[in-house]
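Report on the structure given below.
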Amino acid sequence: MERSTWVCARAIVLTVMALFLLPLRAQAERNWEFSVGAFGGKAFNSNEDVKFNFGQGSGFTTGTAYGVNLNDSPTFGAKVTAWYLPRQYKWQPQIGLELDYTKFTADLNPQTAGASGTSLTPGFELGSVAFTTPQDISVNVLAANLLFRYPIWATPELPQGRFYHYIGAGLGVQRAHLSVPMVSHQETSYSPAIQGMVGLKFFIFRNFALFGEWKRTTGWHTFTYDGAGLPPGFSARYTIASNHVVGGIALHF
């Protein structure tokens with residue numbers, strides 16, 4: 001037992017050392033450049049449609065509320081990026097891979113939105129939907145991005161450029177946690193997420209940079225409000241689409 005424990009501990013130590021030495025080796029060979037960053041700013045949530053299944057006993061089967069407003073909010077997050085450096089020609093952009101985490105809120109205040117729906121009673125039409133209860137929605141996005149950048153103003157001290165602009169797109173998972181305080185209801189929905197971004201990074205020193213970024217994230221969530229006093233079978237499908245304008249810092253190595 002003692003020998004197996006020692007072997008296991010040695011394997012863990014070697015693994016940790018390898019994880020630390022791999023970036024250093026890539027740095028020495030200059031095939032890869034790594035960075036970690038943190039950012040903050042504001043999320044501007046788009047007015048999107050909400051699709052309803054009204055369930056039993058409501059007079060309507062399905063409906064759509066148009067242009068429902070979700071409140072703008074602060075946003076913050078972090079990212080880990082790896083850039084592949086070699087280029088055969090100077091005009092070619094460099095390619096990067098990134099793991100990106102973003103957190104914000106998309107709360108819904110009481111409001112009335114124009115709507116249409118399918119009625120169980122001929123001659124009746126759904127003209128509007130009233131949201132009478134505040135709803136708090138906390139959103140987290142974890143995504144993997146493919147990036148492209150073009151270094152500008154390269155010098156021996158800054159071989160990857162004094163600054164660069166970049167574009168990218170990614171796929172991931174969006175988590176939305178719904179809370180309705182007035183009826184003590186909570187539930188969580190997970191959705192595939194898509195995002196795209198453009199940004200500009202400026203190096204203060206070789207290993208320290210500032211950046212600004214615009215990013216759009218989109219996910220789709222269905223909430224059932226089970227136990228909240230709504231008719232059986234009720235559900236609402238929200239599109240949470242947000243434009244994030246952020247600034248941040250990054251360490252490169």
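Please report the net charge: other residues with Cβ closer than 14 Å to the Cβ of residue 98, K and R +1, D and E -1.
So the surrounding residues net to +1.
Helix 2-29 versus the longest principal axis of the chain: what angle, 0 to 90°, nearest 10, using Cα atoms?
The angle comes out at about 80 degrees.
For segment 155-237, what is Rg from Cα atoms divided by 2.2 N^0.38 Å, rounded to two decimals?
Expressed relative to 2.2 N^0.38 Å, the Cα Rg reads 1.80.
When ranked by the protection proxy of mean other Cβ atoms within 10 Å per residue, highest first, what sequence do the peptides 110-116, 131-137 form?
Going by the mean number of other Cβ atoms within 10 Å, highest first, we get 131-137, 110-116.
Considering the zone a paramagnetic label at residue 190 would reach in this model (a point 7 Å from Cα along the Cα-to-Cβ line), which residues of segment 141-178 have amide N under 14 Å from it?
141-143, 172-177
Provide, for the chain, the number of lysine pairs with alpha carbons under 21 Å apart, each pair being eight or more places apart or on different chains.
Here the count comes out as 10.
Averaged per residue, what accessible area in Å² does the chain show with a 1.4 Å probe, protein chains only?
55
Modelled label-to-label distance, residue 66 and residue 208, 7 Å Cα→beta-carbon offset: nm?
Each label point is offset 7 Å from its Cα along the Cβ direction, giving 5.3 nm.
The values are calculated or read from the model by the stated rules, or taken from the named source; none is laboratory data. Here the structure is a predicted model, which means the values were calculated and not measured. Glycine also receives a Cβ, built like all others from the backbone with ideal geometry; neighbour counts cover every protein chain displayed. In case anyone asks, the SASA skips ligands and DNA or RNA and just uses the protein heavy atoms, side chains included. Shrake-Rupley method; radii C 1.70, N 1.55, O 1.52, S 1.80 Å.
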